Amino acid sequence: RPFDEGTTAAGERTIMMSGQSGPGGVRFAAAIQAVAEGGSVRIIGDFLSIEGADAVTLLLAANTSFRHSDPEQASLEQLQAASRLSYASLRERHISDYAVYYRRVDLELHGSGGLAQEAEAVKLPTDVRLRKLKEGAEDAGLFSLYYQFGRYLLLSCSRPGTLAANLQGIWNASFTPPWESKYT
């Protein structure tokens, strides 16, 4: 990847990826830190290795030079602040933050299979529901779940004080996509 400067260790439990979007372009950085309950965390090269842990929380911070003159340092400072909080506290803060917007809309779709069938479908993992839908099963609730998931992603990625969501997204593997990652 031409603009990726690589991944390096940034502490005992943290790795940092940085780069620049072309010559003279925006610099970016993302840091991830593993907080293990039990077991051990090691950095091997540019990989996190977690062994024997009962649970692991991965903290991720990403920044660009659009908002911060030093995106690497900004990312490390955010990780340091987050690592002082418990998983339960981080989760509660996240829920409180987005729920104000998320709870404004509810979408309920019902199929012809009845409420009993819908109640059984809700108990299934999403990948099983998707497979059954592909095989011809009816699952109207899956469509409302997908709608709400899309809302959750947008609410979580584009908030006051942050950069707007754009067509780049975390799903695009290219630093130079055909649409140039424009805000549209």
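When the range 107-133 is examined, which residues are found to be at pLDDT below 90, in contact with an Asp or Glu (Cβ under 7 Å, 6 or more places away or on another chain) and over 23 Å from Y152 (Cα atoms)? Residues satisfying the conditions are G111, S112, G113. Would you mind stating whether L109 is more than 30 Å from I32 (Cα to Cα), surrounded by 12 or more Cβ atoms within 10 Å (Cβ to Cβ) and touching a residue at least 24 places away in the same chain (Cβ under 8 Å)? In short, yes.
Entry remark, the range 22-80: residues being of a type outside the set (D, E, K, R) and closer than 17 Å to A9 by Cβ number 26 in total.
Just a yes or no: is a residue in the range 29-50 closer than 26 Å to G150 by Cβ and touching a Ser or Thr at 6+ places or on another chain (Cβ under 8 Å)? Taking every residue of the range 29-50 in turn, at least one turns out to be closer than 26 Å to G150 by Cβ and touching a Ser or Thr at 6+ places or on another chain (Cβ under 8 Å). Checked against the criteria, A62 does not count as in contact with a Ser or Thr (Cβ under 9 Å, 6 or more places away or on another chain), free of Cβ contacts under 8 Å to residues at least 40 places away in the same chain, open to solvent by less than 40 Å² (accessible area, probe 1.4 Å) and small (G, A, S). Within the set I15, I32, the sole residue that is open to solvent by 40 Å² or more (accessible area, probe 1.4 Å), touching a residue at least 24 places away in the same chain (Cβ under 8 Å) and not in a loop (DSSP other than H, G, I, E, B) turns out to be I32. Count of the range 43-59 residues, restricted to those that are closer than 17 Å to S83 by Cβ and either out of contact with any helix residue (DSSP H, G or I) (no Cβ under 7 Å at 6 or more places or on another chain) or open to solvent by 60 Å² or more (accessible area, probe 1.4 Å) (or both), is 7.
Every residue, every condition in (1) over 16 Å from the mean Cα position of the chain (by Cα); (2) assigned to a loop (DSSP other than H, G, I, E, B); (3) modelled with pLDDT of 95 or more; (4) surrounded by 14 or more Cβ atoms within 10 Å (Cβ to Cβ), yes or no:
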residue: L79; (1), (2), (3), (4): no, no, yes, yes
residue: H94; (1), (2), (3), (4): no, no, no, no
residue: R151; (1), (2), (3), (4): no, no, no, yes
residue: L154; (1), (2), (3), (4): no, no, no, no
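No other residue among A173, A165 is assigned to a loop (DSSP other than H, G, I, E, B), modelled with pLDDT under 80, surrounded by 15 or more Cβ atoms within 10 Å (Cβ to Cβ) and at negative phi apart from A165. Summed over the range 83-92, residues that are surrounded by 12 or more Cβ atoms within 10 Å (Cβ to Cβ), within 21 Å of T14 (Cβ to Cβ) and more than 16 Å from the chain's Cα centre (by Cα) total 2. Can you spot a residue in the range 37-59 that is of a type in the set (G, A, S), under 19 Å from the mean Cα position of the chain (by Cα) and assigned to a strand (DSSP E or B)? Taking every residue of the range 37-59 in turn, at least one turns out to be of a type in the set (G, A, S), under 19 Å from the mean Cα position of the chain (by Cα) and assigned to a strand (DSSP E or B).
The values are calculated or read from the model by the stated rules, or taken from the named source; none is laboratory data. These numbers come from a predicted model, not from an experiment. Glycine also receives a Cβ, built like all others from the backbone with ideal geometry; neighbour counts cover every protein chain displayed. These accessible areas exclude ligands, DNA and RNA; they are computed on the full protein's heavy atoms, side chains included. Shrake-Rupley method; radii C 1.70, N 1.55, O 1.52, S 1.80 Å.
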